[in-house]
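What follows is a set of notes on a single structure, which appears directly below.
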Amino acid sequence: DPRNAFVTWEPVPGAIGYNVLWGIARDKLYQTWQWWADAGNRLEVRALTVGQDYWFAIEAFNENGVSAVSEPVHVP
């Protein structure tokens, strides 16, 4: 289904979860899905618009705070 995307990332040691960010431009990652580390490092995003390009990025978090956001990846 073109409205879905699978996002995977490298696990970060010590992370208790991840924020998966996405949007329609590199500087407009306005959508976020919080994902717990014990659920794995693969998320199916099922909220996209057909024919729209997207950008995705990841940030890890634990009880000490949130990491820097990864380099955004363009998905045409």
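The values are calculated or read from the model by the stated rules, or taken from the named source; none is laboratory data. This structure is a prediction, so every number in the text was calculated from the model and none was measured. All Cβ positions, glycine included, derive from the backbone under ideal geometry; neighbour counts span all protein chains shown. Ligands, DNA and RNA are excluded from the accessible area calculation, which covers all protein heavy atoms including side chains. Shrake-Rupley method; radii C 1.70, N 1.55, O 1.52, S 1.80 Å.
Filtering region 1-46 to residues that are touching a Ser or Thr at 6+ places or on another chain (Cβ under 6 Å) and open to solvent by 70 Å² or more (accessible area, probe 1.4 Å) leaves only Arg42. Determine if region 69-76 includes at least one residue that is at pLDDT below 95 and surrounded by fewer than 16 Cβ atoms within 10 Å (Cβ to Cβ). Yes, that holds for at least one residue. Note on region 1-32: residues that are over 15 Å from Val75 (Cβ atoms) and in contact (Cβ under 8 Å) with a residue 12 or more places away in the chain total 10. Taking every residue in region 65-76 that is in contact (Cβ under 8 Å) with a residue 12 or more places away in the chain and pairing it with any residue that is assigned to a loop (DSSP other than H, G, I, E, B) and open to solvent by less than 80 Å² (accessible area, probe 1.4 Å), at least 6 positions away or on another chain, the pairs with Cβ-Cβ distances below 8 Å are Ser67/Val12; Ser67/Ala15; Val69/Leu29; Ser70/Trp9; Pro72/Leu29; His74/Asp53; Val75/Asp53; Pro76/Asp53.
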